Amino acid sequence: MTGQTRGWCPSLHEPMRSGDGWLSRIKPHAARITAEQARIIAREAARLGNGAVDLTQRGNLQPRGFSGAGAVAFASAMVAAGLAHADPAVERNRNLLAPPLLGHDPGIAPGTAAFVEALAAAMAEWPTLPGKFGVLVDGGGSLPLAGESADIMLRHTGPWVELRLGGGDALARCAPAAAVAATTALARHFTTLAPARRMRQAVAA
């Protein structure tokens, strides 16, 4: 358990106290869950919490109503189900927003799912970032994410990825593998820019 400070964001291993108990947060790998994983979340949220599960603006799931011990048990269940990382520092970093119909919408650019998987794998090796620091991948399709914002924004078109910082102008256009490497380098560089908490603050400076 952890205390709350301004701008702090809960995670699975660091739940937040609320009016109905402790609330947790699930950040599905590569922004996707299976039907079986959804059933596990619903079952454990009802067994250990009050059964309510919110959907956050960043595409995460936020179950509520846990006791302190219940929140710890829920975190263990999510790690066992493959829905979270056992290391709190890695779990805190996994703020990745991807197309909600990825894998089901033929209008999404080919290769977007593989790109998101590669990026998610790379993020597991990133240094600790602020809790609200996030990455967005837009692949077009029926529910594009072009109108959303994030600290690092990546528009995947198939052969190319367009990279933007903090909602600013495009910085680069490169192949997917190079985009993963560039995003990782930017995230690592951001950790040297204290006290900036969001990319737009670093860009403005």
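Scan GLY131, GLY139 and give me the residue that is modelled with pLDDT under 90, open to solvent by less than 50 Å² (accessible area, probe 1.4 Å) and in contact with a helix residue (DSSP H, G or I) (Cβ under 8 Å, 6 or more places away or on another chain).
Of the residues listed, the single one that is modelled with pLDDT under 90, open to solvent by less than 50 Å² (accessible area, probe 1.4 Å) and in contact with a helix residue (DSSP H, G or I) (Cβ under 8 Å, 6 or more places away or on another chain) is GLY131.
Are there any helices (runs of 4 or more DSSP H) wholly within segment 1-105 with 3 or more residues that are open to solvent by less than 40 Å² (accessible area, probe 1.4 Å) and farther than 27 Å from ALA150 by Cβ, and if so which?
35-48, 68-80
If HIS85 passes every condition in (1) touching a Gly at 6+ places or on another chain (Cβ under 9 Å); (2) at pLDDT below 95 but one, which one does it miss?
Of the numbered conditions (1) touching a Gly at 6+ places or on another chain (Cβ under 9 Å); (2) at pLDDT below 95, the odd one out for HIS85 is (1).
Go through segment 159-174 and give me each residue that's modelled with pLDDT of 90 or more and part of a loop (DSSP other than H, G, I, E, B).
Answer for segment 159-174, where residues must be modelled with pLDDT of 90 or more and part of a loop (DSSP other than H, G, I, E, B): PRO159, TRP160.
Using beta carbons and a limit of 6 Å, which pairs, at least six apart or on different chains, have the first residue in segment 185-205 and under 14 Å from ARG164 (Cα atoms) and small (Gly, Ala, Ser) and the second one modelled with pLDDT of 75 or more and surrounded by 10 or more Cβ atoms within 10 Å (Cβ to Cβ)?
These pairs meet every condition: ALA187/TRP126; ALA202/LEU193.
When residues of segment 142-154 are filtered for being crowded, with 18+ Cβ neighbours inside 10 Å and either of a type outside the set (Val, Ile, Thr) or assigned to a loop (DSSP other than H, G, I, E, B) (or both), how many remain?
Residues in segment 142-154 being crowded, with 18+ Cβ neighbours inside 10 Å and either of a type outside the set (Val, Ile, Thr) or assigned to a loop (DSSP other than H, G, I, E, B) (or both): 5 in total.
Would you mind stating whether ALA122 is surrounded by 14 or more Cβ atoms within 10 Å (Cβ to Cβ) and in contact with an Asp or Glu (Cβ under 6 Å, 6 or more places away or on another chain)?
Taking the combined requirement at face value, the residue does not satisfy it.
Which residues, counting only those in segment 155-195, are among the β-branched types (Val, Ile, Thr) and either on the phi > 0 side of the Ramachandran plot or open to solvent by 40 Å² or more (accessible area, probe 1.4 Å) (or both)?
Selection gives THR157, THR191, THR192.
If you check PRO130, PRO159, PRO144, which single one turns out to be under 16 Å from the mean Cα position of the chain (by Cα) and either closer than 28 Å to GLN62 by Cα or touching a residue at least 12 places away in the same chain (Cβ under 8 Å) (or both)?
Of the residues listed, the single one that is under 16 Å from the mean Cα position of the chain (by Cα) and either closer than 28 Å to GLN62 by Cα or touching a residue at least 12 places away in the same chain (Cβ under 8 Å) (or both) is PRO130.
The values are calculated or read from the model by the stated rules, or taken from the named source; none is laboratory data. It should be emphasised that the depicted structure is a prediction, and the values quoted were computed from it without experimental measurement. Cβ coordinates were reconstructed from backbone atoms using ideal geometry, including for glycine residues, and neighbour counts include every protein chain displayed. To get the accessible areas, we keep the full protein, side chains included, count just its heavy atoms, and leave off ligands, DNA and RNA. Shrake-Rupley method; radii C 1.70, N 1.55, O 1.52, S 1.80 Å.
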